[in-house]
Amino acid sequence: GAGVSQSPSNKVTEKGKDVELRCDPISGHTALYWYRQRLGQGLEFLIYFQGNSAPDKSGLPSDRFSAERTGESVSTLTIQRTQQEDSAVYLCASSLFPSGANTGELFFGEGSRLTVL
Amino acid sequence: KQEVTQIPAALSVPEGENLVLNCSFTDSAIYNLQWFRQDPGKGLTSLLLIQSSQREQTSGRLNASLDKSSGRSTLYIAASQPGDSATYLCAPGRPRDMRFGAGTRLTVKP
């Protein structure tokens with residue numbers, strides 16, 4: 001696609017429910033990142049996918065959080081049994097792996113705003 | 001793990017001033033450094049990308065420099081305008097380890 005696409009743009013859910021957030025990266029981008037941004041705070045790294053390598057899950061805050069990516073395409077971030085502190089904007093970014101002429105420039109989606117009541 | 005610090009945390013200037021935003025990072029093994037702006041409630045917009053072999057990049061009124069060995073980058077904004085008001089974020093790029101500073105919140109007063 002032309003840019004990184006995320007859906008839904010807004011999600012309101014009740015505490016305890018599961019949610020799925022979707023990221024569609026730029027076509028051909030092998031690297032994909034998920035970040036979380038709480039209100040008034042900086043970007044918090046969650047997870048990184050690169051091609052078929054094992055993902056770097058070191059930023060996932062708890063076992064309620066998981067993410068999948070099929071090959072080099074769409075990624076889904078799942079939050080189980082949501083809590084109020086999960087309320088945040090979840091941002092996805094993609095890039096080409098830096099090598100040769102590829103600069104590794106990072107492109108962001110508009111984010112998915114999650115509100116847990 | 002890469003640690004990124006941005007100074008100042010907030011900056012308020014009158015329109016027309018030239019200003020400098022600072023970014024420092026702990027691990028200099030980077031392949032690039034990007035500067036982004038974020039408007040309230042929005043995603044991140046890329047402003048400039050400096051590759052590790054470069055020392056600076058310019059785009060319009062923006063100039064970014066990179067001193068990889070000392071772990072520093074600066075973003076220079078010339079002749080600031082109210083439309084420049086946003087949060088500016090730097091991100092030293094490393095595969096598997098893209099970390100962001102907390103940003104500098106810039107307000108340019110008319």
Within region A:1-75, which trypsin sites (Lys or Arg not before Pro) sit in a loop by DSSP and count at most 15 neighbouring Cβ atoms inside 10 Å? A:15, A:17, A:38, A:57, A:64
Bins of 10 Å from zero: percent of alpha-carbon pairs in region A:1-92: 16, 51, 28, 4
Could you give the length gained by full extension between residue B:78 and residue B:5, i.e. 0.36 nm per residue of separation minus their alpha carbon distance, to one decimal place? 24.0 nm
Can you tell me the mean projection area, over all orientations, of the convex hull of region B:1-57's alpha carbons? Units nm², please. 5.3 nm²
Quick check: from the Cα gyration tensor, does chain B come out rounded (a/c under 1.5), prolate or oblate? prolate
Separation of region B:17-78 and region A:37-116 by C-alpha centroid, Å? 22 Å
Nitroxide proxy distance, nm - points 7 Å out along Cα→Cβ at residue B:15 and residue A:17: 4.5 nm
Using only Cα atoms, figure out Rg for region B:48-110 and give it as a multiple of 2.2 N^0.38 Å. 1.21
Here the relative contact order (percent) of region B:1-68, from C-alpha pairs under 8 Å and at least 6 apart, is 22 percent
Leaving ligands, DNA and RNA out of it, rank B:55, B:99 by accessible area with a 1.4 Å probe, largest first. B:55, B:99
Between the DSSP loop rule and a limit of at most 15 other Cβ atoms within 10 Å, which GluC sites (Glu not before Pro) in region B:10-110 are left? B:15, B:17
With +1 on each Lys and Arg Cβ and -1 on each Asp and Glu Cβ, how big is the dipole of chain B about its Cα centre, in debye rounded to the nearest 20? 240 debye
What list of ³J(HN,Hα) values in whole Hz, one per residue of region A:5-13 in order, does the Karplus curve 6.51 cos²θ - 1.76 cosθ + 1.60 (θ = phi - 60°) give from phi, with Gly and Pro shown as x? 10, 10, 8, x, 6, 9, 9, 10, 9
Per-residue ³J(HN,Hα) for region A:56-65, Karplus 6.51 cos²θ - 1.76 cosθ + 1.60, θ = phi - 60°, Hz, x for Gly and Pro: 8, 9, 4, x, 5, x, 7, 6, 6, 9
Ordered by number, the GluC sites (Glu not before Pro) in region A:4-55 that occupy a DSSP loop and have at most 14 other Cβ atoms within 10 Å are A:14
Given Cα pairs under 8 Å that are at least 6 residues apart, what percent is the relative contact order of chain A? 37 percent
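The values are calculated or read from the model by the stated rules, or taken from the named source; none is laboratory data. Every value quoted in this text rests on a predicted model; they were computed, and no experiment measured them. Neighbour counts run over all protein chains shown; Cβ positions are idealised from the backbone, glycine included. Note: areas computed on protein heavy atoms with side chains; ligands, DNA, RNA excluded. Shrake-Rupley method; radii C 1.70, N 1.55, O 1.52, S 1.80 Å.
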